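*Asks:* I have a structure here, written as structure tokens, and I will follow up with some questions on it.
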Amino acid sequence: MLKISSGIVSRPQKVVIYGAEGIGKSTLAAQFPNPLFIDTEGGTAHMDVRRISKPESFDELIGIVQEVAKEPNICGTLILDTADWAEQLCIAGICNKYKKAGIEDFGYGKGYTYLAEEFGRLLNALDAVIAAGIHVVATAHAKMRKFEQPDEMGAYDRWEMKLSKQVAPLLKEWCDILLFCNYKTYVVTAQNETKKAQGGKRVMYATHHPCWDAKNRHGLPDELELDYSNIAHIFGGKKPTPVAVPAEKTEQTTTPTLLEQIRAMMTESKIVEPELQQIVAQRGHFPANVPVEEYPEAFLKGWVIPNWKKIVETIEADPDRLPF
């Protein structure tokens, strides 16, 4: 007899968070409901969190996960910190079992076949934790690799999890949410034509991009600030509401902000924002799709305002410009 059901099935989530070292992966994971860390690398020593003693072997790690699955009230979220260190435990266990010095010593890629099978045991154990009603979060470091599309000319850099080519796909397929955390920067061209990076806001990406892997099944935006409140509603928290930033601006009536000064100059010169964005892009400072409000204050003070007359003249000299 077939048992057919319909509708949304509510269950705990399988989450993978990866990014550069020091970006805040563990700090983000620590904000999940009632977290319990399996600290495979000792990275939570500076954090006030509950943790299980560091496992010394891969079998011990799986045993810990199985024990958690048997005690569903022990935590709300089990956090494996990190998956790449867990993979190293797995490799050490395989090499010890078969008396090999390294995973490459097996020959013909056989060692990596064993690695995928053994790591699959860990994922199965984590599935049992999910079945017990506990969220699972795995963190991982990221590395940059040169990537070539089979059907395209040239190559480009992309971010990947710091895992083997056998384990990384397993973890990506297993999870419901894959978040890539990174610093968002812009390359700015100074007046002496030198280029330097500015910005550095911490963000997390929730959808796939040619330069990184990410996914979600909850309709998250492509990019979010690195803040748990932006995903808390998935785990039973409140859905984030827009912050009333405009209300704060209306209070500053006596002293106009730098952005308001720029907009007043644009109005006086009969220039619209896309025209200013185009000039900035042509000079190599920022891409044309970057909003004016995201320009750094140093750039507005150091380039836009001093060169305003020349900017206006360049825009007005455009023969294809539509009347204001």
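*Asks:* Just checking, which of Ala168, Ala142, Ala197 is at pLDDT below 75 and not polar (S, T, N, Q)?
*Replies:* Matching residue, one of Ala168, Ala142, Ala197: Ala197.
*Asks:* Continuing with the same structure: Which of the numbered conditions does Glu118 fail, given that it passes all the others? Conditions: (1) under 21 Å from Ile17 (Cα atoms); (2) surrounded by 18 or more Cβ atoms within 10 Å (Cβ to Cβ); (3) not aromatic (Phe, Trp, Tyr).
*Replies:* Only one criterion in (1) under 21 Å from Ile17 (Cα atoms); (2) surrounded by 18 or more Cβ atoms within 10 Å (Cβ to Cβ); (3) not aromatic (Phe, Trp, Tyr) is unmet by Glu118, namely (1).
*Asks:* Moving on to the next point. If you go through segment 299-323, how many residues are at pLDDT below 80, under 32 Å from the mean Cα position of the chain (by Cα) and over 18 Å from Ala281 (Cβ atoms)?
*Replies:* Counting residues in segment 299-323 that are at pLDDT below 80, under 32 Å from the mean Cα position of the chain (by Cα) and over 18 Å from Ala281 (Cβ atoms) gives 0.
*Asks:* Tally up the residues in segment 76-100 that are within 17 Å of Ile134 (Cα to Cα) and either surrounded by fewer than 22 Cβ atoms within 10 Å (Cβ to Cβ) or at pLDDT below 95 (or both), please.
*Replies:* 2
*Asks:* Follow-up. Restricting the search to segment 266-286, which residues are surrounded by fewer than 18 Cβ atoms within 10 Å (Cβ to Cβ), in contact (Cβ under 8 Å) with a residue 24 or more places away in the chain, more than 13 Å from Thr314 (Cβ to Cβ) and not hydrophobic (A, V, I, L, M, F, W, C)?
*Replies:* Lys270, Gly284
*Asks:* Another question about this same structure. Return the only residue of Thr44, Thr40 being within 24 Å of Asn230 (Cα to Cα), in contact with a strand residue (DSSP E or B) (Cβ under 8 Å, 6 or more places away or on another chain) and of a type in the set (S, T, N, Q).
*Replies:* Thr44
*Asks:* Of all residues being touching a helix residue (DSSP H, G or I) at 6+ places or on another chain (Cβ under 8 Å) and in a loop (DSSP other than H, G, I, E, B) in segment 57-75, which is surrounded by the fewest Cβ atoms within 10 Å (Cβ to Cβ)? Just the residue, please.
*Replies:* Looking at the filtered set, the residue picked out is Ser57.
For every residue, the table says whether it meets (1) part of a loop (DSSP other than H, G, I, E, B); (2) in the same structural domain as Gly120 (by TED's automatic domain parsing); (3) under 25 Å from the mean Cα position of the chain (by Cα); (4) aromatic (Phe, Trp, Tyr).
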{"residue": "Val9", "(1), (2), (3), (4)": "yes, no, no, no"}
{"residue": "Phe32", "(1), (2), (3), (4)": "yes, yes, yes, yes"}
{"residue": "Leu36", "(1), (2), (3), (4)": "no, yes, yes, no"}
{"residue": "Glu41", "(1), (2), (3), (4)": "yes, yes, yes, no"}
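*Asks:* Here is a follow-up. Looking at (1) closer than 23 Å to Gly120 by Cβ; (2) touching a strand residue (DSSP E or B) at 6+ places or on another chain (Cβ under 7 Å), find the lone condition where Phe58 falls short.
*Replies:* Going through (1) closer than 23 Å to Gly120 by Cβ; (2) touching a strand residue (DSSP E or B) at 6+ places or on another chain (Cβ under 7 Å) one by one, Phe58 breaks only (2).
The values are calculated or read from the model by the stated rules, or taken from the named source; none is laboratory data. Keep in mind that what you see is a predicted model, and the values were worked out from it rather than measured. For neighbour counting, all protein chains shown are included, and Cβ atoms are generated from backbone atoms with ideal geometry for every residue, glycine included.
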